[in-house]
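As structure tokens, the structure follows; a few thoughts come after it.
The values are calculated or read from the model by the stated rules, or taken from the named source; none is laboratory data. Small disclaimer: the values here were computed from a predicted structure and weren't measured. A quick note on method: Cβ atoms are made from the backbone with ideal geometry, for glycine too, and the neighbour counts reach across all protein chains shown. To get the accessible areas, we keep the full protein, side chains included, count just its heavy atoms, and leave off ligands, DNA and RNA. Shrake-Rupley method; radii C 1.70, N 1.55, O 1.52, S 1.80 Å.
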Amino acid sequence: MRIGIDVGGTNTDAALLDGDTVLATVKAPTTPDVTTGILQAVTRVLETAGIPPAAVTAVMIGTTHFVNALVEGARLAPVAAIRLGLPATAALPPMSDWPPRLRAALTPRPGGPTGPGGGTGTGGEDEPAVYLCHGGHEYDGRPLSPLDPAELRSVAADIAARGIRSVAVSAVFSPVTAEDELRAAEILAAELGDGVHLSLSHEIGRVGLLPRENATIVNAALRDLADTIVDAYGAALAQAGITAPLLLSQNDGTLMNAPHARRHPVATFASGPTNSMRGAGHLSGLTDCAVIDVGGTTTDIGVLTGGFPREAAGACDIAGVRTNFRIPDVLSLGIGGGSLADLTDPASPAVGPRSVGHRLTRDALVFGGTTLTATDLAVAAGHADIGDPARTAGLDRTAVRTALDRIAARTADAVDRMRVSPDPLPVVAVGGGSVLLPPSGGLPGLPDVRRPGHFAVANAVGAAIAQVGGEIDRVYRIPPGRRGTVLDQARDEAVRAAETAGARPGTVTVVDIEEIPLAYLPGGATRVRVKAVGDLDTTRLNATRHDTAADAGSTAHA
């Protein structure tokens, strides 16, 4: 039996599954201290099903804590960003295009010496600590310039003097060969001692230096918070009497264990929408559909292809930082169950984007509050029986209907914008806030809209059914007549990565393969990306406790 948990801004949802069968689901308010909300959700879902904690074999959690920290610019650790690429890449130092508030959040205080004795240090006392050093490779694996150990030791001395304990290392074309990043990590670890956090770009991002470097710096900034959050999750499960392994959801619909999550917290970004889409597909029985997930604050719209979310085609912007790690293609609207509603002008009512968030059950009219929310509109229109409907009796019914019609029209338009084909596409509506949509099951221009059982906790269901994956993303030289051999090699590597990550051998299948010929490079250079997924091997997981679970490996995500 597995428990899936989704920690959202408004609610913490939990679902208990036995195989593919949903035994029980609950919603509990999200709490500021993390632990309490999870403990309440886990305790209630076990009590509802009458299942003892010892029967649970694994717990999967999806969270928004890390992306929220970046968006808010809070709880971020100072970071030293080291780029291996000299004499090239000097024109645009790391973090050059970052928003000023995030640059300030990652700048160490108080400042220390400005610039190392070796290499090129560009960070002053009021600037982030960034260093340009020699190293890196060409696209075909040839050295760009030799790595300079003395240069890195000088950089390490400056980092230590500035009191920085989290370091991001990025090398040119490290996804092709990670040799220099790994060697640099060895040198830095030896110089900086125990307690230093090292984030390596080949473990995090894809080909493309600047977005990959940005993702690595973000990851480094979240390392301290990751320790705090994972410890809190473990404490909540221990208080609930659960000793099963803890896993966290990633943004591609797969899982990673607790040690991997401590090192790669950035991999959780957008795991909430991913879980909702995967859960929607599971509950509806569809593998290809559009998914509308209406939460307390936002409505997220994505597309399932072959049972997995369609990924964004290129680099994505998160809180003003351009990154290139895997992330689902999601369109978000500022509409949710807690969105503030204004019916002052009945002909032109307004809903969102501001929301009461986790205060919904305290502030909304139907719960005895004084704030008019979108949930109150749904109750007034008879879409849902929540709280005390009598408290909405004084609302203008015409204005209520107009407001809900506008929500439906905006949602339908967003779904249409996500489509890549004029062919009919079924739509699955999930999330507790989906009561805002028409109960008849249709939206303007979208006649096939379904709301499956347990729709309100599809995100937790998606976390519980998540699989284990492995991904290969490299640039290969493909000689004439050798394409099939190279692709077979990439497939085998992706399958092995998934099995190393914790997938049960024999269950792993390749779900996505992408070839991009690089016409401007010689030698048949082709970027090949292969993704493989398999079922979680709970037997292997339960052989160890979650805090000592085996490392998933640099290219595997478990």
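Among the residues of region 151-167, just one is more than 31 Å from the chain's Cα centre (by Cα), open to solvent by 40 Å² or more (accessible area, probe 1.4 Å) and over 11 Å from GLU191 (Cβ atoms), namely ALA161.
Tell me, yes or no, whether region 151-158 has at least one residue that is of a type in the set (Lys, Arg) and out of contact with any helix residue (DSSP H, G or I) (no Cβ under 7 Å at 6 or more places or on another chain).
Within region 151-158, not a single residue is of a type in the set (Lys, Arg) and out of contact with any helix residue (DSSP H, G or I) (no Cβ under 7 Å at 6 or more places or on another chain).
The residues of region 395-418 that are of a type in the set (A, V, I, L, M, F, W, C), more than 31 Å from the chain's Cα centre (by Cα) and assigned to a helix (DSSP H, G or I), listed by number, are ALA399, VAL400, ALA403. The set of residues in region 1-58 being within 22 Å of the chain's Cα centre (by Cα) and acidic (Asp, Glu) consists of ASP6, ASP13, ASP33.
Listed conditions (1) open to solvent by less than 50 Å² (accessible area, probe 1.4 Å); (2) over 21 Å from LEU17 (Cβ atoms); (3) at pLDDT 80 or above are all met by LEU518, apart from (3). Residues that are free of Cβ contacts under 8 Å to residues at least 60 places away in the same chain and among the β-branched types (Val, Ile, Thr) within region 399-419 comprise VAL400, THR402, listed in sequence order. Number of residues in region 199-256 that are in a loop (DSSP other than H, G, I, E, B), touching a helix residue (DSSP H, G or I) at 6+ places or on another chain (Cβ under 8 Å) and of a type outside the set (Ser, Thr, Tyr) equals 13.
Going by the structure shown, is ASP423 acidic (Asp, Glu), at pLDDT below 90 and out of contact with any strand residue (DSSP E or B) (no Cβ under 9 Å at 6 or more places or on another chain)? Against the criterion (acidic (Asp, Glu), at pLDDT below 90 and out of contact with any strand residue (DSSP E or B) (no Cβ under 9 Å at 6 or more places or on another chain)), ASP423 qualifies. Listed by position, the strands (runs of 3 or more DSSP E) contained in region 1-74 that have at least 1 residues being farther than 22 Å from VAL468 by Cβ and touching a helix residue (DSSP H, G or I) at 6+ places or on another chain (Cβ under 9 Å) are 11-18, 21-29. Once region 191-232 is narrowed to residues that are hydroxyl-bearing (Ser, Thr, Tyr) and surrounded by 24 or more Cβ atoms within 10 Å (Cβ to Cβ), the residue that is nearest to the chain's Cα centre (by Cα) is THR216. One residue stands out among those in region 40-53 that are touching a residue at least 60 places away in the same chain (Cβ under 8 Å) and crowded, with 20+ Cβ neighbours inside 10 Å: the one that is nearest to HIS358 (Cα to Cα), which is VAL42. Tallying residues that are in contact with a helix residue (DSSP H, G or I) (Cβ under 9 Å, 6 or more places away or on another chain), open to solvent by 10 Å² or more (accessible area, probe 1.4 Å) and among the aliphatic types (A, V, I, L, M) within region 177-186 yields 2. Once region 468-486 is narrowed to residues that are under 20 Å from PHE308 (Cβ atoms) and aliphatic (A, V, I, L, M), the residue that is nearest to the chain's Cα centre (by Cα) is VAL468. Can you tell me which residue in region 371-394 is least open to solvent (accessible area, probe 1.4 Å), limited to those that are part of a loop (DSSP other than H, G, I, E, B) and of a type in the set (Gly, Ala, Ser)? So the residue we want is ALA384. In region 88-107, the residues that are open to solvent by less than 40 Å² (accessible area, probe 1.4 Å) form Cβ pairs under 7 Å with partners that are polar (S, T, N, Q), at six or more places apart or across chains, as follows: PRO93/THR122.
Within region 247-270, being surrounded by fewer than 24 Cβ atoms within 10 Å (Cβ to Cβ) and of a type in the set (A, V, I, L, M, F, W, C) holds for one residue alone: ALA258.
Can you name the residue in region 464-485 that is more than 19 Å from THR507 (Cα to Cα) and in a helix (DSSP H, G or I) and is also least open to solvent (accessible area, probe 1.4 Å) among such residues?
Only one residue tops the list, namely GLY484.
So that you can scan it fast, the table gives a plain yes or no per residue for (1) touching a His at 6+ places or on another chain (Cβ under 9 Å); (2) closer than 26 Å to PRO100 by Cβ; (3) open to solvent by less than 50 Å² (accessible area, probe 1.4 Å); (4) at pLDDT 90 or above:
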{"position": "GLY296", "(1), (2), (3), (4)": "yes, no, yes, no"}
{"position": "ILE301", "(1), (2), (3), (4)": "no, no, yes, yes"}
{"position": "PRO309", "(1), (2), (3), (4)": "no, no, yes, no"}
{"position": "CYS316", "(1), (2), (3), (4)": "no, yes, yes, no"}
{"position": "ARG322", "(1), (2), (3), (4)": "no, yes, no, no"}
{"position": "LEU343", "(1), (2), (3), (4)": "no, no, yes, yes"}
{"position": "PRO346", "(1), (2), (3), (4)": "no, no, no, no"}
{"position": "PRO353", "(1), (2), (3), (4)": "no, yes, no, no"}
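Exactly one residue among ASP448, ASP488 is out of contact with any Gly (no Cβ under 7 Å at 6 or more places or on another chain), closer than 25 Å to VAL291 by Cβ and open to solvent by 10 Å² or more (accessible area, probe 1.4 Å), and that residue is ASP448.
Here is a list of conditions, (1) closer than 29 Å to ASP317 by Cβ; (2) modelled with pLDDT of 95 or more, and MET95 meets all of them except one; can you say which number that is? Exception for MET95: condition (2). SER332 satisfies every condition listed in (1) closer than 17 Å to ALA429 by Cβ; (2) touching a strand residue (DSSP E or B) at 6+ places or on another chain (Cβ under 7 Å); (3) not in a strand (DSSP E or B) except (3).
Of the residues making up region 137-193, those that are farther than 18 Å from GLU213 by Cα, part of a helix (DSSP H, G or I) and small (Gly, Ala, Ser) are ALA150, SER154, ALA156, ALA157, ALA160, ALA161, ALA189, ALA190.
Filtering region 433-445 to residues that are open to solvent by 20 Å² or more (accessible area, probe 1.4 Å), assigned to a loop (DSSP other than H, G, I, E, B), in contact (Cβ under 8 Å) with a residue 12 or more places away in the chain and under 22 Å from GLY382 (Cβ atoms) leaves PRO438, PRO439, PRO444.
Among the acidic types (Asp, Glu) and over 30 Å from ILE478 (Cα atoms): does that describe GLU203?
Numbers: among the acidic types (Asp, Glu): yes; over 30 Å from ILE478 (Cα atoms): no.
No; evaluated as a whole, the condition is false for this residue.
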